[in-house]
Each structure stands twice: as C-alpha cells, then as structure tokens.
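Here is the structure we will look at, set down as structure tokens.
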Amino acid sequence: MRRVLWTVLALIPAASVVVEFLGSHHAHSHYWFSEIPLFWILFGFLGGCLLILGGKKILAWIVYRREDYYD
Amino acid sequence: MTEFPLSPAFILLLGAVLLPFLPGRWRNLFFTVLGAGLLTMVLFLPTATPPPILRVMQYRLIPLQVDGLSRGFGVVFGFVLAAGGIYAYHLRDRGQQCAALLYAAGALGVVFAGDYYSLFFFWELMAISSTVLIWARRDRRSFKAGFRYIIYHALGGGILLAGILSHIHAQAGDILITNLPARNLSGWLILLGVAVNSAIPPLHTWLVDAYPRATITGAIFLNAFTTKTAVYVLIRLFAGWELLIVAGTVMALYGVIYTVITNDIRGILSYHIVSQVGYMVAAVGIGTPLALNGAAAHALANILFKGLLFMAAGAIMAATGESRLTRLGGLFRRLPRVTVFYMIGALSIAGFPLFNGFISKSMILTAATRSHFPAVFLLLNLAAVGTFLSLGLKLPYFAFFHRARPGDLPVREIPRNLHPAMVLMGLACFLQGVFPRLLYFLLPHPVEFHPYTLHHLTEVSQMFGLTFVAFWLFRGMLRAKEYIVLDVDWFFRKPALGARRILVDGTLRLFDLSDRLVMALTRGLISFSQNPMRHVFKTTESDRPYDPDRYRPTVSMLLFGVLLVFLILIAAGPR
C-alpha cells in the first residue's frame, strides 16, 4: 500500500514533465520564466525550501515566545 | 413603492428574537431550517426589479438590493448557516445560537445593502454579535482576546463611518452605494475601515488573535462572515485601486509564512485566512471582470473549504480537548473520517485539481497574467506552495499520521452531527471543482473560463510534487514547537502591559501607600489620645490606661487659686 502511494506520488510529476516536453509551448508562455525548462519543478522545490528555512530559521528566531508571554 | 423590503437580514433578525423562546432541541432545528430556507429564498430573489425603499425618518433606505454579486454571497452565506446549524446540532447554548443568527443577519444585511447607512448598520451588528462567539468559550484568554477584537472593530467601524459621512456630504446627501468613493480623504477612510475587516496587515491581528480562541462552532461563522463581507465591499467599491494589488500580494505571503511556524491548529487556519484573503484583495486591485470574478469565486470557495477545515479542526478539539500540534498525533486511526474531510479541505485550499480552490485560484492567477503582473503571478504561486506545505502536509502529517502510538492521547467520541455537516461542505468543495458551473453561476460577471488546461495541470502537479519533496527533506525541522508567535500586535500589547503597570498597578500602589500612611497616622492618634498625660509625665505613666481621677484638682489647689486671684486684685486695685 505504502509503496503504491509513493510510486503514484513520484509518477504524477514525472508524467507531467514528459507531457510538458511532448506538448507544444504556446499561448501561455508570456514571461521569460515560463521559457525555463522544468521551471515549476524548480519553483515548487525552491519555494518550499525558502518558506521552511525562512520561517523556521529566521522568522521563528524573531517571534517565538513562551506561551505565557503576554500573561 | 409601498411594498416592505423583505430582506433576508430582517428574517434572520426576527429569527434571533424568536429563537430564545423555543425549547431545547427545537432551537437547533429552527436554526438549521432557517439557514436552508434562507438559501432557497436568496436563490430566487429577483434581480431586475427596482429595489423597494424603507423610509426611516427623512432617509430613504434600500435594505434589499440584489444583483449577481450580492446573490452569490447570499447563497453561500445561507449554505454555511445551514451546515453550521447541523455542525452545532448538539449544542444547547441560546446565547451562541442567537449571536450566530444576528451575525448572519449582519453579513446578509451588508451584502444586500443598497445604501451606505444600511451597510454601516449591519456592519456594526456583525462586529457586536461576532464578539459573543468568542466570549462564549468562557475562559480568561478568550475574554481578553474578545475585548481586543471588539476594540479593534469599534475603531475600524468609527473610521468607516467617518469616511461614509464625509463621502455622503461631498455627494450632496446621496447615500446610494452605486455612488462609488473617490480617491480622496473620504475614499481612503472608507478603505481603511474596510481594510480592518479584510485583515490587511498590519490591521490583521484581531483575526489571528481571536479566531483561535472562539468556540468550536463559532469559528465556522467567524470564518464565513467578517472577512468575506469585507471582500464583498472591496469588490463593490474599490475595484481597480492599484494599492490593493500590493497589499494583497504581501498579505498572501505574510499569512502563509506564519503558518509554517504556528503551533495551534486553528491559529494556522487563521493565518491562512489572511493569506487567502490576500488573493482576493490583489484580484480586486487588478479590477478586470475576470479578476473580480476570481475574487468573488475565491471568497465563496474559501467560505466552503476553510469552513470545512475549521469543522475538522473543531472535531479534533472536541475529540482530544487539545489544539496544539505538539500535543496531537496519530489521529488517523482514531478519526479516519475527520482525516478524509480535513484532506478535502486542505487540497481545496491549496488549489488541487478536482476541488473548488483550483478553479478560483486559477481565475485570479490568469487575471494577473492577462493584466501583465508577472511578479504578482509568481508570488501568489509561492503562497500556494506555502499553503500546500502547511495545510496539505505539515498539519495533517503531525496531527493525523505522525507518532501513531495508540493510547498516547485520550480521544473522546465526537458528536455524531459533526459528520453530516462536513459531508455537506466537502461535497460542495468537490462538486464545484468538478462542475465549475456550480461556482460560476454565483459570480458577478458572465464567465467563460476553462481551468483544466493541460498546461495548467502540468504546472500544478510539478509545483506541488516538488513541494512535497521539500517537505519530506525538511520534515524534521517543520515539527511544531510549544511557543506562541509574536505579531505586530506586540507593538500595542507589550506597551499596554507597561501602561497597565503605570496606570493601574501604579495607581493601586499609590492608593495602598496612602492607605497605609493614613492608617499609621490614625493608629498613632488613637494611642496618643488614649492617655495624653503619658506624654507629659513620661516616667510615671508609661503603660497605665487613662484614669481621670488622677488629674482632678484637689481642694488645696482650689484654695491656692482663690488666694492667687485675691492677691492680684489687691495688687492691681485702685490706690
């Protein structure tokens, strides 16, 4: 069960990459960044890392307080 | 025009008056049926006819003006009222039920208001009645948060009223809402007042402060009404104000980064309200028909999927009595159905295909692309990554799946009526995702939009697929910590503590000091006057109580006195 889930999870982005390269680039390519190959792969990964690290390493460092801070 | 404007808001006001007189379970039935009836009524409200006028003193008010925009909001408000009624079916709390009805009356009143005075009246009704849903939790922290909430809304309402009055004055007394605010002081004041209710940072702290402290059932209504009516007013009055594009984009990211580090599950959901309303605010700023449709669609979809998420979070709280991620875990085995409903809400809000969030977010993102805002497009996508990260992965991972040790957490049976309510909301999210027409017919402008393009689907699946990879790599770091997070309300809450120390504690200490001084003085006076002679004859009188006989003049003293007077008279007498 678990292995099936992981496979499905891996297959969906992989399939979409294949589709992206087979399909024609048209209509939506308005910007420079949509010309970058695998842009959304990079965006999803780097965006996720940015939010986790930015949140947990920088923001948390500033705003974490004990639960009774305001009491 | 003599016909009375039978606004849905008036029906709910009447309902709120009648409800307390009904016995126990009938109140819940009445509440739910009222919501369902309202939904039906709003669906069939005619749009074309000129609105009926209500004369109050010299004013000609229009409490019921229906068009596509207001009807869409009205329908979803009715739906969430009915679903919320089912969710709260086990509850026997007259106060909360009445407050929820009044709150819904306020929301519907704002949405159907045709003039500024009606709008303001119902706006304030919402502020007051919603506070009750926070206080009804009946603990100290809810009480305090509710106070901060009502103060914030009183200020916002005051600013709104100032803007409205000066706007009406400038328009020579025209109170119709079709009279849009101009970009002058009165317009900006109205915008500021609405910005408070839209929770645009830095005016958002009332939301993330009070919503996690509301009652389990109250949070569903709080999520549905206050911010969404504010978005409605923004769409109605401020379409195309460019500042909103910046404000909305900042908001979307500001809210989402806090969700990464927040511990309380309803705190996470509250920061997500800020983030999602950011999409709507940005879309209102873009201002094209597609963008406004997107803003309305996202507001309506949000009421449904965020309502569902609050219902699932409430079910967790009802089962465990706990809302902190650090104390939760392994709930999938205990609450499998709640897990499924939660995931439907989470996938909807992240914008997964097959759910309504996908449709509404696509509309806003496409509008941003067509109006040439590449930065807005990218940053809103980043917010979607964060939404999936925190609501689609972090929260369910740590609450439902991680640390699955049975017996760790006492899990109570949850009321059975929670499930049908979640089924309704989840079904709505799913059906609108699969049949977008169910969402489109509620929008203000005619829609010709196709979200399910191959391009868009590959984009979304790649983005979310790799967000999952990033989550899996850093999941250890994402583990919640038992802290609260500070927000900009620190700038008044911390000084308020200092001000309290000076003004309240300082005054009390001053009173205490003067009290002790006066008491000491009095005690001294008492002991002094008990025996004044003690202070004259220090050695003989030390501790003896006062005895008047000791000091009575003797006969010899009297004779001596008489003799003395006699001598003086002789000495001073005539010669």
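The values are calculated or read from the model by the stated rules, or taken from the named source; none is laboratory data. What you see is a predicted model; the values in this text were computed from it and never measured. No Cβ is skipped: glycine too gets one built from the backbone with ideal geometry, and neighbour counts run over all protein chains shown.
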Original post:
Among the residues of the range B:382-403, is any in a loop (DSSP other than H, G, I, E, B) and touching a residue at least 40 places away in the same chain (Cβ under 8 Å)?
Top reply: yes
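Okay, residues lined up against (1) out of contact with any helix residue (DSSP H, G or I) (no Cβ under 6 Å at 6 or more places or on another chain); (2) surrounded by 10 or more Cβ atoms within 10 Å (Cβ to Cβ):
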| residue | (1), (2) |
| --- | --- |
| B:ASP489 | no, yes |
| B:PRO495 | yes, yes |
| B:ALA499 | yes, yes |
| B:VAL504 | yes, yes |
| B:ALA520 | yes, yes |
| B:PHE528 | yes, yes |
| B:ASN531 | yes, yes |
| B:PHE537 | yes, yes |
| B:SER556 | yes, no |
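Quick one: is B:THR467 over 26 Å from B:ASP67 (Cα atoms) and buried (at least 21 other Cβ atoms within 10 Å of the Cβ)? First the steps, then the outcome.
Numbers: over 26 Å from B:ASP67 (Cα atoms): yes; buried (at least 21 other Cβ atoms within 10 Å of the Cβ): yes.
Answer is yes for this residue.
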Original post:
Looking at the range B:153-186, which of its residues are under 23 Å from B:THR249 (Cα atoms) and modelled with pLDDT of 95 or more?
Top reply: B:GLY156
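Take B:ALA162 and tell me if it is under 18 Å from B:GLY267 (Cβ atoms) and in a helix (DSSP H, G or I).
Considered against the rule, which asks whether it is under 18 Å from B:GLY267 (Cβ atoms) and in a helix (DSSP H, G or I), B:ALA162 comes out as no.
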Original post:
Do we find a residue being in a helix (DSSP H, G or I) and either within 14 Å of chain A (Cβ to nearest Cβ) or over 27 Å from B:ARG416 (Cα atoms) (or both) anywhere in the range B:303-316?
Top reply: no
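Can you tell me which of B:LEU253, B:LEU237 is under 20 Å from B:PHE352 (Cα atoms), surrounded by fewer than 24 Cβ atoms within 10 Å (Cβ to Cβ) and in contact (Cβ under 8 Å) with a residue 40 or more places away in the chain?
Working: B:LEU237 fails: under 20 Å from B:PHE352 (Cα atoms).
Unique residue meeting the criteria: B:LEU253.
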**OP:** Return a yes/no flag: does the range B:437-453 have any residue that is buried (at least 19 other Cβ atoms within 10 Å of the Cβ), farther than 30 Å from B:THR47 by Cα and under 28 Å from the mean Cα position of the chain (by Cα).
**Re:** no
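Report whether or not B:LEU347 is in a helix (DSSP H, G or I), in contact (Cβ under 8 Å) with a residue 60 or more places away in the chain and within 14 Å of chain A (Cβ to nearest Cβ). Walk me through it before giving the result.
On the way: in a helix (DSSP H, G or I): yes; in contact (Cβ under 8 Å) with a residue 60 or more places away in the chain: no; within 14 Å of chain A (Cβ to nearest Cβ): yes.
No; evaluated as a whole, the condition is false for this residue.
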Original post:
Can you tell which of A:VAL4, A:VAL18 is more than 8 Å from chain B (Cβ to nearest Cβ), modelled with pLDDT of 85 or more and over 30 Å from B:TRP490 (Cβ atoms)?
Top reply: A:VAL4
Subject >> B:PRO353 vs. criteria outside the structural domain of B:PHE44 (by TED's automatic domain parsing), surrounded by 17 or more Cβ atoms within 10 Å (Cβ to Cβ) and not in a helix (DSSP H, G or I) >> reply: yes
